[in-house]
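K.L.:
Handing you this structure, nothing more for now.
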């Protein structure tokens, strides 16, 4: 009986050692959980950026309004026979 108790205690200690210090123990699980959270956050950010880019591509494919707006504001382009008038507010 004493030998059985000692063997069971030894097995219990081995299980706990593996649980706390083994390759797939608690510290490794916590480390992987942190990495998973970081990766999920990165995935969500990438997903939001992809949706934004898809909307921009859809706008570029469907209408020329977006192209015209980009040409006007980012490149400073004008239509033929168009005059650019800029108004400025005087500083006080």
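K.L.:
Between residue 68 and residue 88, take the C-beta separation as r, use R0 = 22 Å, and let me know the FRET efficiency to the nearest 0.05.
P.N.:
Given R0 = 22 Å and the Cβ-Cβ separation, E is 0.35.
K.L.:
One quarter of the convex hull surface, Cα atoms only: what value does that give for segment 2-73 in nm²?
P.N.:
Mean shadow area of the hull around the Cα atoms is 7.7 nm².
K.L.:
Can I ask one more? Counting helices only, and only those DSSP H runs with n ≥ 4, report the 222 nm mean residue ellipticity of the chain as the sum of -39,500 (n - 2.57) divided by its residues, in deg cm²/dmol to the nearest 500.
P.N.:
After summing the helix terms and dividing by residue count, I get -25000 deg cm²/dmol.
Any read-out appearing in this document is the output of simple, stated calculations on the displayed coordinates, not a laboratory observation. Because the structure is predicted, anything quoted here is derived from the model rather than measured. Backbone-built Cβ (ideal geometry, glycine too); neighbour counts: all protein chains shown.
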